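*Asks:* Here it is: the structure, laid out below.
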Amino acid sequence: MRIANLRGRAVVVVGAGDGAGAGTADRAVDVADASAGRFGPDPQSLVGDWDAFTAWAATADLSAGEPFEVAELGAPVPRPRQVFAIGLNYAEHAAEAGYPPDATPVTFTKFPSCIVGPDTVVPLPEGHVDWEVELVVVIGAEAHRVPRERAWDHVAGLTIGQDLSERITQLQGSAPQFSLGKSFPGFGPTGPWLVTPDEFADRDDLAITADLSGERMQGSRTSFMLYDVPELIARLSAVCPLLPGDLIFSGTPSGIGNRRTPQRFIRPDDVLVSSIEGIGALETRFAAAS
Ligand code: ZN
C-alpha cells in the first residue's frame, strides 16, 4: 500500500500493481472520506493509529479516487517528532569522506522544520549545498529497546529522502555541526509516498540513485548499508524510544559533490532526481538565495 499527503489530506494511492489493471493511472483515495471520518484527514494522524488504519485499509473499498499530480503532494509524514539521520553508513561513502567505518552508527538529526514534500523548490543558502539520496524509514509503532529480529514490526513504511547538506556549516569548527548544516529550510525533501514494507520483494535490498541535472551522481543498493534497517532500529531504540511518525534517514551511498574532483555543488538551475526501487522518484529544484 502507498500512503501520500495530497494537499494536506491523507490518501491511499491506488493504480497499476494494486489490482486496478496495468496501465491504470494512479488515483488518490481520500482516507477520511472512505473511512467516514474514522482516520485522517491529517496525514500525521495515520501513523499514530497505524495498526488500526492498516487493518481498515486491508478491507476498505478503495475503488473511488481522483487523479492527481505529484506536484500536489506534501511530505508523507509532515510533522515527525524526531528525525534521526545516519552518517557514513555505506563503506564506499565512508571511504570517500575520509573516515574508517565506525563501530557505532554516526547519528545526528535533521531538525523537523526542514522536512518538505516530493516536488519542491529549495532556496539555496550561501555556501556549498550537496546532495545525499537516502532510504527513509517511517516508524509505525513505538520502539524502545527493540531487538533487530523484531525491528521491522515497528516500521510503517519506507520513503525516499534527500539529506541536503551545506558543507561549510556542517564541517566548520572543532566538532562538526552535522545537524545544523543539514537543516536549512527545505533541506529534507521526502516522498513521494510511504510504501508499506510488504510491497517490496526484498525490503533489505533496493536500488538507490541520485541524478543531478541528468547526470548520474549516486547509484548503489541499500543492501550495502553497514548498519541495515533492523540494526539501526535496534541501536537507536536502545537509547531513545522511537515514536510513531519518526523518520530515520539511513545514510547515503558514495558520489556526493563534496568529494568529487572537481567538487560540484548544487546551483540554482539544477534539478535533483532521487529514486529508490519499489518506491518511485522525487524531484527537487532550487532557487538562488534571496
Ligand atoms: Zn546523509
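The values are calculated or read from the model by the stated rules, or taken from the named source; none is laboratory data. Given the structure is predicted, the values throughout are model-derived calculations rather than measurements. When we count neighbours, we look across all protein chains shown, and the Cβ atoms used for this are built from the backbone with ideal geometry, even at glycine. With ligands, DNA and RNA removed, areas are computed over all heavy atoms of the protein, side chains included. Shrake-Rupley method; radii C 1.70, N 1.55, O 1.52, S 1.80 Å.
*Asks:* What are the pairs, 6+ residues apart or on separate chains, where a residue within region 89-100 that is polar (S, T, N, Q) has its Cβ under 9 Å from a residue that is part of a helix (DSSP H, G or I) and open to solvent by less than 10 Å² (accessible area, probe 1.4 Å)?
*Replies:* ASN89/LEU232
*Asks:* Also: State whether one or more residues within region 83-102 are more than 16 Å from the ligand (Cβ to nearest atom), open to solvent by less than 30 Å² (accessible area, probe 1.4 Å) and in contact with a Leu (Cβ under 9 Å, 6 or more places away or on another chain).
*Replies:* Among the residues of region 83-102, not one is more than 16 Å from the ligand (Cβ to nearest atom), open to solvent by less than 30 Å² (accessible area, probe 1.4 Å) and in contact with a Leu (Cβ under 9 Å, 6 or more places away or on another chain), which makes the answer no.
*Asks:* In region 233-252, what count of residues is obtained for those that are within 16 Å of the ligand (Cβ to nearest atom) and closer than 26 Å to ASN5 by Cα?
*Replies:* So the answer is 6.
*Asks:* Answer with yes or no whether ARG267 is over 30 Å from SER45 (Cα atoms), surrounded by fewer than 18 Cβ atoms within 10 Å (Cβ to Cβ) and within 16 Å of the ligand (Cβ to nearest atom).
*Replies:* No; evaluated as a whole, the condition is false for this residue.
*Asks:* Okay, next question. Given (1) in a helix (DSSP H, G or I); (2) closer than 28 Å to GLN44 by Cα; (3) not β-branched (Val, Ile, Thr), where does ALA141 come up short, assuming only one miss?
*Replies:* Tallying (1) in a helix (DSSP H, G or I); (2) closer than 28 Å to GLN44 by Cα; (3) not β-branched (Val, Ile, Thr), ALA141 fails exactly one: (1).
*Asks:* Considering only region 281-290, how many residues are at pLDDT 95 or above and open to solvent by 30 Å² or more (accessible area, probe 1.4 Å)?
*Replies:* The total comes to 4.
*Asks:* Count, please, the residues in region 48-72 that happen to be in contact with a Phe, Trp or Tyr (Cβ under 8 Å, 6 or more places away or on another chain) and either modelled with pLDDT under 95 or buried (at least 19 other Cβ atoms within 10 Å of the Cβ) (or both).
*Replies:* Of the residues in that region, 2 qualify.
*Asks:* Say whether the condition of being small (Gly, Ala, Ser), open to solvent by 20 Å² or more (accessible area, probe 1.4 Å) and in contact (Cβ under 8 Å) with a residue 60 or more places away in the chain is met by at least one residue in region 143-165.
*Replies:* no
Residues checked against (1) surrounded by fewer than 17 Cβ atoms within 10 Å (Cβ to Cβ); (2) within 15 Å of the ligand (Cβ to nearest atom):
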{"site": "SER183", "(1), (2)": "no, yes"}
{"site": "PHE187", "(1), (2)": "no, yes"}
{"site": "THR190", "(1), (2)": "no, yes"}
{"site": "TRP193", "(1), (2)": "no, no"}
{"site": "ALA201", "(1), (2)": "yes, no"}
{"site": "ASP205", "(1), (2)": "yes, no"}
{"site": "ALA210", "(1), (2)": "no, yes"}
{"site": "SER220", "(1), (2)": "no, yes"}
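*Asks:* Now, a different point. For region 222-236, name all the residues that are open to solvent by 10 Å² or more (accessible area, probe 1.4 Å) and of a type in the set (Ser, Thr, Tyr).
*Replies:* Passing the criteria: SER223, TYR227.
*Asks:* Okay, next question. Taking the conditions exactly as written (at pLDDT 95 or above and either among the β-branched types (Val, Ile, Thr) or within 14 Å of the ligand (Cβ to nearest atom) (or both)), does SER274 satisfy them or not?
*Replies:* Spelling it out, SER274 is indeed at pLDDT 95 or above and either among the β-branched types (Val, Ile, Thr) or within 14 Å of the ligand (Cβ to nearest atom) (or both).
*Asks:* Further question: Could you check how many residues of region 104-138 are more than 12 Å from the ligand (Cβ to nearest atom), open to solvent by 10 Å² or more (accessible area, probe 1.4 Å) and in a loop (DSSP other than H, G, I, E, B)? Before the answer, list the steps.
*Replies:* The initial filter retains those residues of region 104-138 that are more than 12 Å from the ligand (Cβ to nearest atom), namely 104, 111-129, 137-138.
Filter again for open to solvent by 10 Å² or more (accessible area, probe 1.4 Å), leaving 104, 111-113, 115-116, 119-121, 123-128.
Adding the requirement that they be in a loop (DSSP other than H, G, I, E, B) leaves 104, 111, 124-128.
Adding up the residues that qualify gives 7.
*Asks:* Right, here's the next one. Among the residues of region 110-139, write down those that are among the β-branched types (Val, Ile, Thr) and within 24 Å of ILE3 (Cα to Cα).
*Replies:* ILE115, VAL116, THR120, VAL121, VAL122, VAL133, VAL136, VAL137, VAL138, ILE139
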